[in-house]
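Encoded as C-alpha coordinates, the structure appears first; notes follow it.
The values are calculated or read from the model by the stated rules, or taken from the named source; none is laboratory data. Computed from a predicted structure; not experimentally measured. Ideal geometry is used to build each Cβ from the backbone, glycine not excepted, and the neighbour counts take in all protein chains shown.
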Amino acid sequence: MRIFIKPAILLLGLGIITFSCVSTKQYKELQETSRKFLEERDLLKNENNKLSVLNTEMKTTVNELEKKVSDLEEEIDRKTEEADQLQKDYNLLNRRFFDLQTAQEDLIQGNVKETRRLLKQLQTTQEELITKEDELRELERSLNSKKSNLDELQFELANKNTRLLELENILFQKDSVVNALKVKVSSALLGFENNGLTVTLKNSKVYVSLEEQLLFKTGSTEVDQNGINALKKLAKVLETNPDINIMIEGHTDDVPYLTSGGPIKDNWDLSVKRATSIVRILLDGSTIDPKRLIAAGRGEFMPVDPAKTPEARTKNRRTEIILTPKLDELFRILESN
(Lines give C-alpha, C1' and ligand atoms only; values in the text may rest on other atoms or scores of the structure.)
Protein backbone atom coordinates (compact mmCIF):
# COMPACT_ATOMS: atom_id res chain seq x y z
CA MET A 1 0.00 0.00 0.00
CA ARG A 2 1.56 3.32 -1.09
CA ILE A 3 1.12 6.15 1.38
CA PHE A 4 0.12 9.55 -0.02
CA ILE A 5 -1.17 12.73 1.56
CA LYS A 6 -4.56 13.49 0.03
CA PRO A 7 -5.17 17.12 -1.03
CA ALA A 8 -8.23 17.42 1.21
CA ILE A 9 -6.20 16.29 4.22
CA LEU A 10 -3.46 18.76 3.39
CA LEU A 11 -5.98 21.60 3.17
CA LEU A 12 -7.42 20.55 6.52
CA GLY A 13 -3.93 20.48 8.03
CA LEU A 14 -3.10 23.88 6.63
CA GLY A 15 -6.39 25.23 7.89
CA ILE A 16 -5.65 24.01 11.40
CA ILE A 17 -2.22 25.60 11.25
CA THR A 18 -3.67 28.92 10.02
CA PHE A 19 -6.29 29.04 12.74
CA SER A 20 -3.62 28.19 15.34
CA CYS A 21 -1.93 31.52 14.50
CA VAL A 22 1.40 29.96 13.45
CA SER A 23 4.17 32.18 12.13
CA THR A 24 4.59 32.90 8.42
CA LYS A 25 7.88 31.00 8.40
CA GLN A 26 6.30 27.88 9.88
CA TYR A 27 3.41 28.17 7.51
CA LYS A 28 5.76 28.27 4.52
CA GLU A 29 7.78 25.37 5.86
CA LEU A 30 4.66 23.26 6.19
CA GLN A 31 3.54 24.30 2.73
CA GLU A 32 6.91 23.20 1.37
CA THR A 33 6.66 19.89 3.25
CA SER A 34 3.20 19.30 1.79
CA ARG A 35 4.45 20.11 -1.69
CA LYS A 36 7.33 17.70 -1.35
CA PHE A 37 5.05 14.87 -0.28
CA LEU A 38 2.69 15.61 -3.14
CA GLU A 39 5.64 15.42 -5.50
CA GLU A 40 6.79 12.22 -3.86
CA ARG A 41 3.30 10.75 -4.23
CA ASP A 42 3.13 11.75 -7.91
CA LEU A 43 6.61 10.41 -8.53
CA LEU A 44 5.81 7.02 -6.99
CA LYS A 45 2.49 6.87 -8.85
CA ASN A 46 4.25 7.72 -12.10
CA GLU A 47 6.88 5.05 -11.43
CA ASN A 48 4.20 2.45 -10.80
CA ASN A 49 2.17 3.57 -13.85
CA LYS A 50 5.25 3.53 -16.10
CA LEU A 51 6.08 0.03 -14.95
CA SER A 52 2.53 -1.24 -15.51
CA VAL A 53 2.22 0.48 -18.93
CA LEU A 54 5.65 -0.79 -20.05
CA ASN A 55 4.83 -4.37 -19.01
CA THR A 56 1.45 -4.24 -20.83
CA GLU A 57 2.95 -2.64 -23.97
CA MET A 58 5.78 -5.15 -24.15
CA LYS A 59 3.39 -8.10 -23.80
CA THR A 60 1.10 -6.59 -26.45
CA THR A 61 4.06 -6.09 -28.81
CA VAL A 62 5.20 -9.68 -28.23
CA ASN A 63 1.69 -10.96 -29.05
CA GLU A 64 1.56 -8.84 -32.21
CA LEU A 65 4.99 -10.04 -33.35
CA GLU A 66 4.03 -13.65 -32.69
CA LYS A 67 0.90 -13.13 -34.81
CA LYS A 68 2.98 -11.60 -37.63
CA VAL A 69 5.44 -14.51 -37.48
CA SER A 70 2.56 -17.02 -37.67
CA ASP A 71 1.03 -15.17 -40.67
CA LEU A 72 4.37 -15.05 -42.47
CA GLU A 73 4.99 -18.74 -41.88
CA GLU A 74 1.59 -19.54 -43.39
CA GLU A 75 2.32 -17.22 -46.34
CA ILE A 76 5.71 -18.89 -46.91
CA ASP A 77 4.11 -22.34 -46.86
CA ARG A 78 1.55 -21.22 -49.43
CA LYS A 79 4.18 -19.61 -51.65
CA THR A 80 6.31 -22.74 -51.40
CA GLU A 81 3.40 -24.87 -52.58
CA GLU A 82 2.82 -22.46 -55.50
CA ALA A 83 6.51 -22.62 -56.39
CA ASP A 84 6.42 -26.43 -56.36
CA GLN A 85 3.40 -26.43 -58.65
CA LEU A 86 5.04 -23.96 -61.04
CA GLN A 87 8.14 -26.14 -61.10
CA LYS A 88 5.98 -29.14 -62.00
CA ASP A 89 4.27 -27.15 -64.78
CA TYR A 90 7.64 -25.98 -66.01
CA ASN A 91 8.98 -29.53 -66.12
CA LEU A 92 5.85 -30.73 -67.98
CA LEU A 93 6.13 -27.95 -70.57
CA ASN A 94 9.81 -28.63 -70.93
CA ARG A 95 9.07 -32.28 -71.74
CA ARG A 96 6.38 -31.24 -74.20
CA PHE A 97 8.81 -28.85 -75.82
CA PHE A 98 11.39 -31.61 -76.14
CA ASP A 99 8.80 -33.97 -77.63
CA LEU A 100 7.72 -31.33 -80.14
CA GLN A 101 11.30 -30.63 -81.07
CA THR A 102 11.83 -34.31 -81.73
CA ALA A 103 8.64 -34.53 -83.75
CA GLN A 104 9.71 -31.47 -85.74
CA GLU A 105 13.01 -33.05 -86.62
CA ASP A 106 11.22 -36.25 -87.67
CA LEU A 107 8.75 -34.39 -89.83
CA ILE A 108 11.07 -31.73 -91.24
CA GLN A 109 11.08 -33.50 -94.51
CA GLY A 110 7.43 -34.49 -94.33
CA ASN A 111 4.19 -32.65 -94.72
CA VAL A 112 4.78 -28.87 -94.81
CA LYS A 113 1.36 -28.10 -93.33
CA GLU A 114 1.98 -30.41 -90.39
CA THR A 115 5.40 -28.93 -89.97
CA ARG A 116 3.98 -25.40 -89.77
CA ARG A 117 1.40 -26.56 -87.24
CA LEU A 118 4.09 -28.11 -85.14
CA LEU A 119 6.22 -24.98 -85.42
CA LYS A 120 3.34 -22.80 -84.25
CA GLN A 121 2.63 -25.16 -81.38
CA LEU A 122 6.29 -25.19 -80.52
CA GLN A 123 6.40 -21.39 -80.52
CA THR A 124 3.34 -21.23 -78.27
CA THR A 125 4.87 -23.76 -75.91
CA GLN A 126 8.12 -21.78 -75.79
CA GLU A 127 6.20 -18.60 -74.93
CA GLU A 128 4.29 -20.40 -72.19
CA LEU A 129 7.54 -21.82 -70.88
CA ILE A 130 9.13 -18.34 -70.75
CA THR A 131 6.06 -17.00 -68.92
CA LYS A 132 6.23 -19.80 -66.38
CA GLU A 133 9.94 -19.17 -65.88
CA ASP A 134 9.24 -15.48 -65.21
CA GLU A 135 6.49 -16.37 -62.74
CA LEU A 136 8.78 -18.83 -61.00
CA ARG A 137 11.56 -16.25 -60.65
CA GLU A 138 9.10 -13.65 -59.32
CA LEU A 139 7.72 -16.15 -56.84
CA GLU A 140 11.25 -16.98 -55.67
CA ARG A 141 12.01 -13.28 -55.14
CA SER A 142 8.77 -12.88 -53.17
CA LEU A 143 9.58 -15.96 -51.12
CA ASN A 144 13.06 -14.64 -50.31
CA SER A 145 11.58 -11.29 -49.29
CA LYS A 146 9.06 -13.01 -47.00
CA LYS A 147 11.83 -15.07 -45.43
CA SER A 148 13.86 -11.90 -44.83
CA ASN A 149 10.88 -10.23 -43.17
CA LEU A 150 10.35 -13.34 -41.07
CA ASP A 151 13.98 -13.24 -39.91
CA GLU A 152 13.66 -9.57 -38.96
CA LEU A 153 10.44 -10.18 -37.03
CA GLN A 154 11.92 -13.17 -35.25
CA PHE A 155 14.96 -11.08 -34.30
CA GLU A 156 12.73 -8.26 -33.00
CA LEU A 157 10.59 -10.77 -31.13
CA ALA A 158 13.69 -12.26 -29.51
CA ASN A 159 14.83 -8.77 -28.41
CA LYS A 160 11.41 -7.95 -26.95
CA ASN A 161 11.32 -11.24 -25.09
CA THR A 162 14.81 -10.57 -23.73
CA ARG A 163 13.77 -7.11 -22.49
CA LEU A 164 10.59 -8.55 -20.98
CA LEU A 165 12.51 -11.29 -19.19
CA GLU A 166 15.02 -8.72 -17.95
CA LEU A 167 12.23 -6.55 -16.57
CA GLU A 168 10.49 -9.49 -14.92
CA ASN A 169 13.81 -10.65 -13.47
CA ILE A 170 14.43 -7.22 -11.92
CA LEU A 171 10.94 -7.20 -10.42
CA PHE A 172 11.51 -10.70 -9.04
CA GLN A 173 14.88 -9.67 -7.61
CA LYS A 174 13.29 -6.60 -6.00
CA ASP A 175 10.61 -8.77 -4.36
CA SER A 176 13.30 -11.23 -3.22
CA VAL A 177 15.32 -8.39 -1.70
CA VAL A 178 12.26 -7.07 0.14
CA ASN A 179 11.34 -10.52 1.47
CA ALA A 180 14.92 -11.14 2.60
CA LEU A 181 15.02 -7.69 4.21
CA LYS A 182 11.84 -8.40 6.17
CA VAL A 183 13.37 -11.63 7.48
CA LYS A 184 16.56 -9.80 8.52
CA VAL A 185 14.65 -6.99 10.22
CA SER A 186 12.32 -9.41 12.03
CA SER A 187 15.29 -11.46 13.22
CA ALA A 188 17.16 -8.37 14.45
CA LEU A 189 14.11 -7.04 16.31
CA LEU A 190 12.86 -10.40 17.54
CA GLY A 191 12.87 -9.32 21.18
CA PHE A 192 10.76 -6.25 20.44
CA GLU A 193 8.03 -7.69 18.20
CA ASN A 194 4.63 -7.90 19.93
CA ASN A 195 6.01 -5.49 22.53
CA GLY A 196 5.08 -2.29 20.73
CA LEU A 197 6.84 -3.16 17.44
CA THR A 198 5.58 -4.93 14.31
CA VAL A 199 7.27 -5.76 11.01
CA THR A 200 5.00 -6.18 7.96
CA LEU A 201 5.35 -6.45 4.17
CA LYS A 202 3.04 -4.27 2.04
CA ASN A 203 3.26 -3.30 -1.63
CA SER A 204 6.87 -4.48 -1.97
CA LYS A 205 7.94 -2.42 1.06
CA VAL A 206 8.89 -3.37 4.60
CA TYR A 207 7.04 -1.43 7.32
CA VAL A 208 8.52 -1.29 10.82
CA SER A 209 5.81 0.20 13.05
CA LEU A 210 6.77 1.31 16.59
CA GLU A 211 4.12 2.32 19.09
CA GLU A 212 4.57 5.49 21.11
CA GLN A 213 5.07 3.53 24.35
CA LEU A 214 8.23 1.91 22.91
CA LEU A 215 9.84 5.20 21.90
CA PHE A 216 8.44 8.31 23.61
CA LYS A 217 6.73 9.58 26.66
CA THR A 218 3.49 11.41 25.97
CA GLY A 219 4.16 14.72 24.21
CA SER A 220 7.94 14.14 24.19
CA THR A 221 10.39 13.96 21.28
CA GLU A 222 13.14 12.26 23.30
CA VAL A 223 13.45 8.51 22.56
CA ASP A 224 13.46 6.15 25.58
CA GLN A 225 16.40 3.80 26.08
CA ASN A 226 14.35 0.75 25.11
CA GLY A 227 13.45 2.44 21.84
CA ILE A 228 17.08 3.43 21.25
CA ASN A 229 18.11 -0.22 21.64
CA ALA A 230 15.56 -1.31 19.03
CA LEU A 231 16.64 1.44 16.61
CA LYS A 232 20.32 0.55 17.00
CA LYS A 233 19.56 -3.06 16.10
CA LEU A 234 17.62 -1.87 13.06
CA ALA A 235 20.52 0.43 12.06
CA LYS A 236 22.87 -2.60 11.94
CA VAL A 237 20.58 -4.26 9.38
CA LEU A 238 20.28 -1.07 7.32
CA GLU A 239 24.08 -0.66 7.26
CA THR A 240 24.42 -4.01 5.47
CA ASN A 241 21.69 -3.20 2.93
CA PRO A 242 22.87 0.00 1.18
CA ASP A 243 20.35 -0.36 -1.68
CA ILE A 244 17.38 0.31 0.62
CA ASN A 245 15.84 3.77 0.99
CA ILE A 246 14.51 4.67 4.45
CA MET A 247 11.54 6.92 5.30
CA ILE A 248 10.69 7.70 8.92
CA GLU A 249 7.10 8.89 9.46
CA GLY A 250 5.83 10.31 12.73
CA HIS A 251 2.10 9.93 13.55
CA THR A 252 -0.02 11.33 16.37
CA ASP A 253 -3.60 10.85 17.51
CA ASP A 254 -6.36 13.43 16.93
CA VAL A 255 -6.10 15.04 20.37
CA PRO A 256 -4.78 18.61 19.88
CA TYR A 257 -1.31 19.21 21.29
CA LEU A 258 -1.44 21.56 24.25
CA THR A 259 1.46 23.91 23.76
CA SER A 260 2.91 25.84 26.67
CA GLY A 261 4.98 28.21 24.59
CA GLY A 262 7.74 25.65 24.05
CA PRO A 263 9.36 24.58 20.77
CA ILE A 264 6.48 22.23 19.84
CA LYS A 265 3.44 24.03 18.44
CA ASP A 266 1.01 21.29 17.41
CA ASN A 267 0.67 17.65 16.30
CA TRP A 268 2.35 18.41 12.95
CA ASP A 269 5.34 19.78 14.76
CA LEU A 270 5.43 16.89 17.22
CA SER A 271 5.30 14.21 14.50
CA VAL A 272 8.08 15.86 12.47
CA LYS A 273 10.38 16.31 15.48
CA ARG A 274 9.85 12.70 16.53
CA ALA A 275 10.78 11.49 13.06
CA THR A 276 13.88 13.69 13.13
CA SER A 277 14.88 12.30 16.54
CA ILE A 278 14.78 8.76 15.13
CA VAL A 279 16.84 9.79 12.08
CA ARG A 280 19.57 11.09 14.39
CA ILE A 281 19.62 7.84 16.38
CA LEU A 282 19.88 5.71 13.20
CA LEU A 283 22.78 7.83 11.94
CA ASP A 284 24.59 8.10 15.26
CA GLY A 285 27.66 5.86 15.13
CA SER A 286 26.50 4.07 11.95
CA THR A 287 27.73 4.03 8.35
CA ILE A 288 24.27 4.66 6.87
CA ASP A 289 24.42 7.26 4.07
CA PRO A 290 22.21 10.21 5.21
CA LYS A 291 21.01 10.57 1.62
CA ARG A 292 19.03 7.36 2.07
CA LEU A 293 16.88 8.80 4.89
CA ILE A 294 13.76 10.97 4.79
CA ALA A 295 12.10 12.34 7.94
CA ALA A 296 8.39 13.08 7.62
CA GLY A 297 5.57 14.15 9.93
CA ARG A 298 1.99 13.03 9.25
CA GLY A 299 0.37 14.55 12.33
CA GLU A 300 -3.01 12.98 13.08
CA PHE A 301 -4.02 12.71 9.43
CA MET A 302 -3.03 9.09 8.63
CA PRO A 303 -4.69 7.05 11.43
CA VAL A 304 -4.68 3.27 11.35
CA ASP A 305 -7.92 3.29 13.34
CA PRO A 306 -10.32 6.26 12.88
CA ALA A 307 -12.39 5.44 15.96
CA LYS A 308 -12.55 8.05 18.75
CA THR A 309 -11.58 5.62 21.50
CA PRO A 310 -8.52 5.40 23.78
CA GLU A 311 -7.55 2.11 22.16
CA ALA A 312 -7.69 3.59 18.64
CA ARG A 313 -5.73 6.67 19.69
CA THR A 314 -3.04 4.42 21.20
CA LYS A 315 -2.68 2.62 17.86
CA ASN A 316 -2.48 5.92 15.97
CA ARG A 317 0.34 7.31 18.14
CA ARG A 318 3.15 5.55 16.34
CA THR A 319 6.27 5.89 14.21
CA GLU A 320 6.63 3.98 10.94
CA ILE A 321 9.98 3.22 9.31
CA ILE A 322 9.34 2.36 5.65
CA LEU A 323 12.08 0.46 3.81
CA THR A 324 11.98 0.56 -0.02
CA PRO A 325 14.46 -1.01 -2.48
CA LYS A 326 16.12 1.38 -4.92
CA LEU A 327 14.84 1.07 -8.51
CA ASP A 328 17.86 2.46 -10.41
CA GLU A 329 18.17 -0.60 -12.68
CA LEU A 330 14.45 -0.56 -13.42
CA PHE A 331 14.64 3.13 -14.34
CA ARG A 332 17.54 2.34 -16.69
CA ILE A 333 15.41 -0.18 -18.57
CA LEU A 334 12.48 2.26 -18.76
CA GLU A 335 14.74 5.02 -20.12
CA SER A 336 16.42 2.75 -22.68
CA ASN A 337 13.00 1.67 -23.94
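Within the set 113, 25, 68, 79, the sole residue that is basic (Lys, Arg), loosely packed, with under 13 Cβ neighbours inside 10 Å and outside the structural domain of residue 295 (by TED's automatic domain parsing) turns out to be 113.
Within the option set 181, 210, 189, being at pLDDT 90 or above and not basic (Lys, Arg) holds for one residue only, 210.
When region 290-324 is filtered for residues that are among the basic types (Lys, Arg) and crowded, with 16+ Cβ neighbours inside 10 Å, the ones remaining, listed by number, are 292, 298, 313, 315, 317, 318.
Residue 163 meets the conditions (1) in the same structural domain as residue 324 (by TED's automatic domain parsing); (2) modelled with pLDDT under 90 in every case but one. The failed one is (1).
Before we move on, is residue 74 free of Cβ contacts under 8 Å to residues at least 40 places away in the same chain and closer than 30 Å to residue 153 by Cβ? Yes. In this structure, is residue 43 out of contact with any His (no Cβ under 6 Å at 6 or more places or on another chain), outside the structural domain of residue 270 (by TED's automatic domain parsing) and either modelled with pLDDT of 85 or more or crowded, with 16+ Cβ neighbours inside 10 Å (or both)? Considered against the rule, which asks whether it is out of contact with any His (no Cβ under 6 Å at 6 or more places or on another chain), outside the structural domain of residue 270 (by TED's automatic domain parsing) and either modelled with pLDDT of 85 or more or crowded, with 16+ Cβ neighbours inside 10 Å (or both), residue 43 comes out as no. Would you confirm whether any residue within region 302-309 is in contact (Cβ under 8 Å) with a residue 24 or more places away in the chain and of a type in the set (Asp, Glu)? No, there is no match, as no residue in region 302-309 is in contact (Cβ under 8 Å) with a residue 24 or more places away in the chain and of a type in the set (Asp, Glu). Figure legend. Inter-residue proximity from region 132-150: first residues surrounded by 15 or more Cβ atoms within 10 Å (Cβ to Cβ), second residues in a helix (DSSP H, G or I) and of a type in the set (Gly, Ala, Ser), beta-carbon distance below 9 Å, spacing 6+ or different chains. Indicated pairs: 136/83; 139/83; 143/83.
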